[in-house]
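To keep things clear, I will list the structure first and then write my remarks on it.
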Amino acid sequence: MIFSIAKLFIKDYLNYQDKQVREQYGTLCSILSIICNIVLVVFKIGIGFIVNSVAIMADGLNNLSDVGSNLASLFGFKLANKHPDSDHPYGHGRYEYIAGLVIAFLILLVGIQALKDSVLKIIEPEEVYFSYVAVVILVVSILIKLWMFSFNRAVGNKIDSSTLKAAGQDSINDVMTTSATLVALCLTLVTDLPVDGIIGAIVSVVVILAGIDVFKDTIDPLLGLAPNKELIKEIEKFILSYDKPVGIHDLMMHDYGPGRMFMTVHVEVDSRDDIMAIHEEIDAIERAIQQEFGILTTIHYDPIDIHNPFLNSIKKQVCEIVEGIDDQYSIHDFRMVSGANHINLIFDVLIPANDEIDHQTLKKKISDHVAQLDNRYSCVIEIDHSFV
């Protein structure tokens with residue numbers, strides 16, 4: 001249904017990668033969500049006062065925070081699509097993540113306030129008046145929230161928007177909390193226990209946990225979240241499908257907001273190959289990655305000697321030593337400089353980002369193992385941490 005609506009308001013609505021189309025989808029979903037949530041706020045808070053239910057009012061206040069969240073999303077999409085300027089040459093895409101932080105803050109604020117009111121209602125219970133009108137409104141609210149979940153999730157997946165995905169998750173959380181509120185209202189017919197306050201407290205805790213999840217989902221890309229592993233595998237396979245590259249290392253990706261990805265990567269090439277032919281293909285790969293993945297890429301190429309059997313034999317032995325220490329370790333940029341009395345083996349060791357091993361300890365361990373192969377070998381090692 002949402003894409004039928006989009007067809008009416010968004011030109012070229014199937015071009016999900018286009019920045020303008022993406023902004024229009026975000027605007028459409030935000031406006032629809034605002035309208036739905038305002039309707040729910042008015043009815044829930046009104047019915048909550050009539051039947052004296054703190055659970056229903058807490059649910060209504062949660063929808064009020066959703067209105068603020070939707071407004072933050074709306075402005076986030078608008079600001080994120082601003083053209084780069086001299087102060088922000090990488091664009092303004094991270095405004096969308098900042099909007100997510102505002103959403104998280106509002107959810108947490110309302111959840112904490114509702115929890116406070118619910119605890120007071122448990123300590124000093126008040127009579128809740130059952131109403132069939134309230135039941136109908138809560139059921140309709142559940143149906144509306146299910147629809148909001150479906151269109152926010154569908155569009156969020158299509159345009160890869162963490163903000164809309166968070167809005168979709170928030171809607172499904174609301175389905176659970178409203179269902180709990182409905183149960184609490186019905187239980188007032190069969191028990192005098194303060195179920196309204198108890199359910200209200202449960203609803204509030206769910207809201208708080210949802211706020212924490214949204215906060216985490218939006219703070220991660222601002223801090224520098226590791227790129228998707230499947231995406232990295234696709235990019236590596238794509239680069240190696242060309243003729244010149246024989247290896248890849250030191251891949252780094254920077255996220256400046258949806259559709260604003262930047263990447264640098266080192267590509268190993270045959271040192272005996274023609275440098276102009278290599279340069280031409282590297283340029284072609286950079287353009288192809290931008291076209292295929294939407295990522296602005298800079299490639300540094302490292303010439304390596306792949307035709308020296310002695311060098312390749314030593315490299316294989318060193319690789320086995322490094323992987324024997326930890327199978328997540330690897331080596332690259334392997335070179336050999338021979339002298340009269342010793343042979344320098346120069347290479348980088350790549351270790352996982354979360355590996356806290358002391359670098360000097362690791363270097364000595366590798367050097368000692370390599371020296372056992374031949375006491376003429378002297379290792380010159382650089383330790384790299386993986387960024388993917």
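The values are calculated or read from the model by the stated rules, or taken from the named source; none is laboratory data. All values derive from a computational prediction rather than experimental measurement. All Cβ positions, even for glycine, are placed from backbone atoms using ideal geometry, and neighbour counts span all protein chains on display. Side chains included, ligands, DNA and RNA excluded: accessible areas come from the protein's heavy atoms. Shrake-Rupley method; radii C 1.70, N 1.55, O 1.52, S 1.80 Å.
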Per the filter on the range 86-113, residues open to solvent by less than 40 Å² (accessible area, probe 1.4 Å), of a type outside the set (Gly, Ala, Ser) and in contact with a Pro (Cβ under 7 Å, 6 or more places away or on another chain) are GLU96, TYR97
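For the range 24-50, which positions are in contact with a Phe, Trp or Tyr (Cβ under 9 Å, 6 or more places away or on another chain) and crowded, with 20+ Cβ neighbours inside 10 Å? Let's see the steps before the verdict.
Of the range 24-50, the ones in contact with a Phe, Trp or Tyr (Cβ under 9 Å, 6 or more places away or on another chain) are 24-30, 32-33, 36, 50.
Listed by number, the residues that qualify are GLN24, TYR25, GLY26, LEU28, CYS29, SER30, SER33, CYS36.
Out of the residues in the range 114-130 that are open to solvent by 90 Å² or more (accessible area, probe 1.4 Å) and in a helix (DSSP H, G or I), which is nearest to MET261 (Cα to Cα)? Working first, answer last.
Just the residues of the range 114-130 that are open to solvent by 90 Å² or more (accessible area, probe 1.4 Å), to begin with: 116, 120, 123-124, 126-127, 129.
Keeping just the survivors that are in a helix (DSSP H, G or I) gives 116, 120, 123.
Values: LYS116: 43, LEU120: 49, ILE123: 53 Å.
Per the stated criteria, the residue is LYS116.
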Out of everything in the range 51-69 that is open to solvent by less than 10 Å² (accessible area, probe 1.4 Å) and of a type in the set (Val, Ile, Thr), what residue ends up being nearest to TYR132 (Cα to Cα)? VAL51
For the range 325-356 the number of residues that are open to solvent by 50 Å² or more (accessible area, probe 1.4 Å) and either free of Cβ contacts under 8 Å to residues at least 12 places away in the same chain or in contact with a His (Cβ under 7 Å, 6 or more places away or on another chain) (or both) is 7
Restricting to the range 283-307, and then to whatever is within 13 Å of ILE239 (Cβ to Cβ) and among the aliphatic types (A, V, I, L, M), can you tell me which residue is nearest to the chain's Cα centre (by Cα)? ILE295
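Can you tell me which residue among VAL190, VAL195 is surrounded by 15 or more Cβ atoms within 10 Å (Cβ to Cβ) and closer than 30 Å to MET57 by Cβ? Give the derivation first.
Values: VAL190 fails: surrounded by 15 or more Cβ atoms within 10 Å (Cβ to Cβ).
Result: VAL195 is the single residue among VAL190, VAL195 that is surrounded by 15 or more Cβ atoms within 10 Å (Cβ to Cβ) and closer than 30 Å to MET57 by Cβ.
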When residues of the range 198-227 are limited to those that are open to solvent by 60 Å² or more (accessible area, probe 1.4 Å), in a helix (DSSP H, G or I) and aliphatic (A, V, I, L, M), the one modelled with the lowest pLDDT: LEU223
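Any idea which of ALA72, ALA80 is out of contact with any Lys or Arg (no Cβ under 8 Å at 6 or more places or on another chain) and either open to solvent by less than 30 Å² (accessible area, probe 1.4 Å) or in contact (Cβ under 8 Å) with a residue 12 or more places away in the chain (or both)? Reasoning before the result, please.
Details: ALA80 fails: out of contact with any Lys or Arg (no Cβ under 8 Å at 6 or more places or on another chain).
Only one candidate passes the filter, namely ALA72.
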